[in-house]
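S.K.: Pasting a structure here, questions to come.
The values are calculated or read from the model by the stated rules, or taken from the named source; none is laboratory data. Not measured: the values here are computed from a predicted model. With ideal geometry, Cβ positions are generated from the backbone for all residues, glycine too; neighbour counts draw on all protein chains shown. Surface accessibility is based on the protein's heavy atoms, side chains included, excluding ligands, DNA and RNA. Shrake-Rupley method; radii C 1.70, N 1.55, O 1.52, S 1.80 Å.
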Amino acid sequence: DHLYFKADWVKNVLGIPRDNLALIAVHGDSMEPTLSNGDLILVDTRVSRVEDGAIYVLQFDDALLVKRLQKKFDGSVVIRSDNPLYEPEILHGEDTEKLNVVGRVVWAGGII
């Protein structure tokens, strides 16, 4: 299957080179109501630095996770789901260096 994005839109609106974008399907309900199971997201793979409150794709073992990240003043990183049924995870010290950020979510589209 293919999903077409106009080159002008990608260039002018997103401002991200095509080769640095990945299209990924969301699985699960941890990011509801923001993202739902089956939604498609575009990920800017150039981004590996955490900006407060943005949504990122993380690699954990063999899985890709979509989560909201928050960097704290003490250097720790809070990994949050938008769904309140899931508790946040907090990484401290050396554990933050093990965080593998694949990229930042720059667009989301749902299935109707």
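S.K.: In whole Hz and in residue order, list the ³J(HN,Hα) couplings for segment 49-65 that follow from phi through the Karplus curve 6.51 cos²θ - 1.76 cosθ + 1.60, θ = phi - 60°; x for Gly and Pro.
M.R.: Residue by residue, segment 49-65 yields 8, 7, 9, 4, x, 6, 9, 10, 9, 10, 9, 10, 6, 9, 9, 9, 10 Hz.
S.K.: Residue by residue through segment 81-93, which ³J(HN,Hα) values in whole Hz follow from phi under the Karplus form 6.51 cos²θ - 1.76 cosθ + 1.60 (θ = phi - 60°), with glycine and proline marked x?
M.R.: The phi angles translate into 9, 6, 6, x, 6, 9, 7, x, 10, 10, 9, 10, x Hz.
S.K.: Using only DSSP helix segments of four residues or longer, with each worth -39500 (n - 2.57), what per-residue ellipticity at 222 nm results for the chain after dividing by its residue count and rounding to 500?
M.R.: The per-residue figure over the chain is -500 deg cm²/dmol.
S.K.: A further question follows. So for segment 10-49, taking the charge dipole from beta-carbon charges (+1 Lys/Arg, -1 Asp/Glu), which of GLY15, GLY38, SER48 sits furthest toward the positive end?
M.R.: Positive-most Cα among the choices belongs to GLY15.
S.K.: Please tell me the relative contact order of segment 48-95 in percent, rounded to the nearest whole number, where contacts are Cα pairs under 8 Å and at least six residues apart.
M.R.: 25
S.K.: Taking amide hydrogens as modeled 1.01 Å from N in the peptide plane, which residues meet the under 5 Å criterion relative to GLY103, leaving out close sequence neighbours?
M.R.: Distant-sequence amide H within range of GLY103: VAL57.
S.K.: Still on this structure, I have one more. Taking LYS67 as the anchor, which lysines have their alpha carbon closer than 21 Å to its alpha carbon, excluding any fewer than eight residues away along the same chain?
M.R.: Straight-distance partners of LYS67: LYS98.
S.K.: Here is a follow-up. Report, to the nearest whole %, how much of the accessible area of segment 1-106 belongs to carbon and sulfur atoms, 1.4 Å probe, protein only.
M.R.: For segment 1-106, the apolar C and S fraction of the accessible surface comes to 49 percent.
S.K.: Using a 10 Å Cβ count of at most 16 others and DSSP loop calls, identify the longest part of the chain lacking such chymotrypsin sites (Phe, Trp or Tyr not before Pro).
M.R.: Working: sites that count: TYR4, PHE5, PHE73, TYR86.
Here the longest run is 6-72.
S.K.: Considering the values (i) 1.10; (ii) 1.38; (iii) 1.27, which represents Cα Rg over 2.2 N^0.38 Å as calculated for the structure under consideration?
M.R.: (i)
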